[in-house]
Amino acid sequence: MNKCRKEVIKNKPLISLILVTMNRKELLKRCLESILLQKFADYEIIVVDNASDDGTGDMVQSLFPGVRYFYLSNNLGPPGGRNYGVRMAAGEFCVFLDDDAIFADDNVLSRVVSYFRSYSDLGCIAFRIVKPSDGCEEYKSIPRADKKIIHEDYECSYFSAAGFSCRRNLFLELGMWELLFFIGEEPDFSYRLINKGYKIVRSSAISVIHYETLLARVPGKWIYFGMRSRFWIAWRNLPWRYAVSHTFLWWGYYFILSLRNRHLIYFMQGLKDALIGFPKALESRVCLSRETMNKLKKLSGRVYY
């Protein structure tokens, strides 16, 4: 890392890049290398390590000495890791990138600043998530329920955490719900952001290449987390009738997948723990306004009735 970069880190940067990782040091290395190619210089890099035991810390500290590295003795999950990273950050804007993703070009950070400077009500930028195989947009990461491919910028109701940016003050205010641990933190955060009157825009000019990997993940466990998260998010945020429809549609979906993939045990465990944690979801419940619900529908958000 050159001398200029070290001087930037000593001062308050404009952008804080936050990466959460666990036992994926080679992927993280590629991710960090892509960040250092950025032409925009006024940034810091924060790596939050969720209790890795594969030598991630040694790799970061030896190859990327300018990176601010934080090792957590307990795995907080992606939401908890991002919350921790933002608390440690100093930038006005936070950029989040999955450790198995890279920037598609070297002007991403300058474009992030341009977006936020142009729109005062812009709370979050959803990056365009593309596949490395063909450069096409990753289907599941399209922030629309109808999965319609739109090539220009558009306002949306949620984002993919593989790559996004947010004003740091808003993230500190709202945070990500750490009880979710994995799956669902994006819509939960988005609901509350939109309910505050801020916009989320999917940028056609900012792309990340997502080399999605299952490394460090337990096969089938995503069904367990999906069962819990979708249920808690619905009852934490949505009006009652929407919460009911949302719950049964998602549970039906996961039940079918659990049978197809022979992971019924994770479905049953997820159902059990979802009900056990139900009081906590209600305890933090803030029902979205009618105006917000109408906006979610208009933006093809995941709202079912």
Flagged in segment 184-205 as small (G, A, S), farther than 9 Å from Y158 by Cα and touching a Phe, Trp or Tyr at 6+ places or on another chain (Cβ under 9 Å), in numbering order, are G184, S203, S204, A205
Condition first: more than 22 Å from the chain's Cα centre (by Cα), assigned by TED's automatic domain parsing to the domain that holds D99, modelled with pLDDT of 95 or more and not in a loop (DSSP other than H, G, I, E, B). Can you find one or more residues in segment 7-19 that meet it?
no
Out of I150, I125, I129, I209, I need the residue that is surrounded by fewer than 16 Cβ atoms within 10 Å (Cβ to Cβ), among the β-branched types (V, I, T) and over 16 Å from R302 (Cα atoms). Which one?
I150
Scan segment 98-128 for residues that are part of a strand (DSSP E or B), touching a Gly at 6+ places or on another chain (Cβ under 9 Å) and farther than 16 Å from C166 by Cβ and report the count.
3
Single match in S300, S258 (criterion: surrounded by 14 or more Cβ atoms within 10 Å (Cβ to Cβ), on the phi > 0 side of the Ramachandran plot and either hydrophobic (A, V, I, L, M, F, W, C) or within 25 Å of the chain's Cα centre (by Cα) (or both)):
S300
Tally up the residues in segment 179-199 that are within 13 Å of the chain's Cα centre (by Cα) and on the phi < 0 side of the Ramachandran plot, please.
8
Name every residue in segment 159-178 that is over 10 Å from the mean Cα position of the chain (by Cα) and either within 22 Å of V303 (Cα to Cα) or part of a loop (DSSP other than H, G, I, E, B) (or both), in order of residue number.
L174, G175, W177
Restricting to segment 34-47, what's the tally of residues that are in contact (Cβ under 8 Å) with a residue 40 or more places away in the chain, of a type outside the set (F, W, Y) and not in a loop (DSSP other than H, G, I, E, B)?
4
What do you reckon, is W251 under 20 Å from D146 (Cα atoms) and free of Cβ contacts under 8 Å to residues at least 60 places away in the same chain?
yes
I'd like to check something: does segment 74-96 contain any residue that is more than 19 Å from F171 (Cβ to Cβ) and at pLDDT 95 or above?
yes
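The values are calculated or read from the model by the stated rules, or taken from the named source; none is laboratory data. Since the structure is predicted, the reported quantities are computational estimates derived from the model, not experimental observations. Using ideal geometry, Cβ is built from the backbone for each residue, glycine included, and neighbour counts are taken over all protein chains shown.
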